[in-house]
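The values are calculated or read from the model by the stated rules, or taken from the named source; none is laboratory data. A quick note: this is a predicted structure, and the numbers were derived from the prediction, not measured. Neighbour counts run over all protein chains shown; Cβ positions are idealised from the backbone, glycine included. Areas reflect the complete protein model, heavy atoms only, side chains present, ligands, DNA and RNA absent. Shrake-Rupley method; radii C 1.70, N 1.55, O 1.52, S 1.80 Å.
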Amino acid sequence: MNKDIGKQQSVSVIGLGAMGSGIARTLLAAGCEVSVWNRSRAKVDELVSQGAIACDSPLDAIQANTHVVVCLTDYSAWQGIIDANDLTDCFDGRCIIQLTTGTIDTVQAHAAFIEGHGGRIADGAVMCYPRDLGTETGSLLMAGPADVLKECDPILRLLAPTWTNLGDDIRKPTILSRALMVDVGMSLIGIVNGVAIAQAGGIPLDVFMQHTENVGAIIPDEKIRLIEAIRDGNTEETQASINAWGEGQKAVRSIAQSLGTNLVFQDAVKMVFEEAERRGLAKKDLAALAEVFAPGS
Ligand SMILES: NC(=O)c1ccc[n+]([C@@H]2O[C@H](COP(=O)([O-])OP(=O)(O)OC[C@H]3O[C@@H](n4cnc5c(N)ncnc54)[C@H](OP(=O)(O)O)[C@@H]3O)[C@@H](O)[C@H]2O)c1
């Protein structure tokens, strides 16, 4: 990255885990002046060896710069830091770029706390690995007041050149990032579960891997088709009904049971299909499962 791009920026980073360190390194590489604080000092020292300025306390980090990126395990870690260091009067005039993964309640309460103490808040979800920051594959979902996001834009661009502005509803990055994680998480858990079944049945993993690639090739198009079908309310037309999928999943459960693998994942899937059947959705497309998952359903 061109070191001149971030020359005008000075930023504090609180939390130097895998992601916080990645953020600090990316900002340093862009030419920013970066002040850092972390609970464990070794990670501060490592960043200092790369050009960062050490802060001895979170208060020092907040006072060092107008813009402060916070990236910790969760909001309770941040609340613990606030409480232990009596951080209430230091947010006046500061802009917190909160990139810690939160829940709807913690994100809203935190935004109210910062704004109630004279600060500005942009809340976000990082949707990439640390190694992707500062590259075209860097991905950040952000929300906050329009003027705050505008003010943060030069910093956010250094982390993710095409960061996404989700508007002023502070809950949106949390909601969208978690909704996307259902897909990624279930798919990856499914693969691990599939490996267990294949291994228990004596299928070599290289054979499993080769066929995973073939079967998985339909997934990107199928995801889009499902989203469009839900959007358009088109759940009647189908290549494979909920009943067909449900029978297939019953067969998986039976095979898993025969092979003695743990059934906890299949039991969750079974509940979804049983619920769909109870609602009379058996003949519809898989997209009709949206009715099972809808609020209040
Ligand atoms: N890593 C990724 O690929 C990735 C991707 C997307 C989003 N994220 C999000 O980024 C955030 C940070 O993730 P990470 O991967 O950097 O996690 P991590 O490597 O486990 O680092 C956690 C950070 O939180 C600090 N921390 C934890 N509990 C604390 C406490 N009670 N008091 C003070 N500091 C505390 C740790 O300090 P110590 O060093 O002292 O333990 C460390 O700085 C998370 O919300 C995560 O969901 C990460």
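Observations on the structure shown:
- Here the Gaussian network model covers the chain, with springs between Cα atoms less than 10 Å apart; of Ala109, Ala84, Ala29, Ala84 fluctuates the most.
- Spatial offset of region 1-71 relative to region 149-167 amounts to 17 Å, using the alpha carbon center of each.
- Annotation: Ser10 carries an accessible surface of approximately 50 Å², with a 1.4 Å probe and no ligand, DNA or RNA atoms counted.
- When the chain is treated as a Gaussian network with alpha carbon springs shorter than 10 Å, the biggest mean-square fluctuation among Glu136, Glu151, Glu274 belongs to Glu274.
- Placing unit charges on the Cβ atoms only, positive for Lys and Arg and negative for Asp and Glu, gives the chain a dipole magnitude near 400 debye about its Cα centre.
- Taking all protein chains together and rolling a 1.4 Å probe, Phe265 ends up with roughly 50 Å² accessible.
- Where the chain is the region considered: accessible area per residue in Å², 1.4 Å probe: 54
- Ranking Thr103, Thr73, Thr174 by solvent-accessible area of protein heavy atoms (1.4 Å probe, all protein chains present), from largest to smallest, gives Thr73, Thr103, Thr174.
- Length-normalised contact order for the chain - Cα pairs under 8 Å, 6+ apart - percent: 11
- For Trp163, solvent-accessible area (1.4 Å; no DNA, RNA or ligand), Å²: 40
- Helix runs (DSSP H) in the chain reaching 15 Å along axis by Cα, Kyte-Doolittle at least -0.5: 18-29, 104-116, 146-159, 172-200, 205-216, 219-232, 242-259, 264-278
- Per-bin percent of Cα-Cα distances, the chain [5 Å]: 1, 5, 10, 13, 14, 12, 10, 9, 9, 9, 6, 3, 0
- Residues Asp105 and Glu222, FRET efficiency given R0 of 30 Å [Cβ-Cβ distance, rounded to 0.05]: 0.30
- Its DSSP H runs of at least 4 residues, each contributing -39,500 (n - 2.57), put the calculated 222 nm mean residue ellipticity of the chain at -16500 deg cm²/dmol, to the nearest 500.
- Legend: residues Ile219, Ile197, Ile97, sorted from most to least accessible area (1.4 Å probe; ligands, DNA and RNA excluded), read Ile219, Ile197, Ile97.
- Here's the list of lysines a cross-link from Lys283 could span, going by alpha-carbon distance under 30 Å and ignoring same-chain residues fewer than 8 apart: Lys223, Lys250, Lys270.
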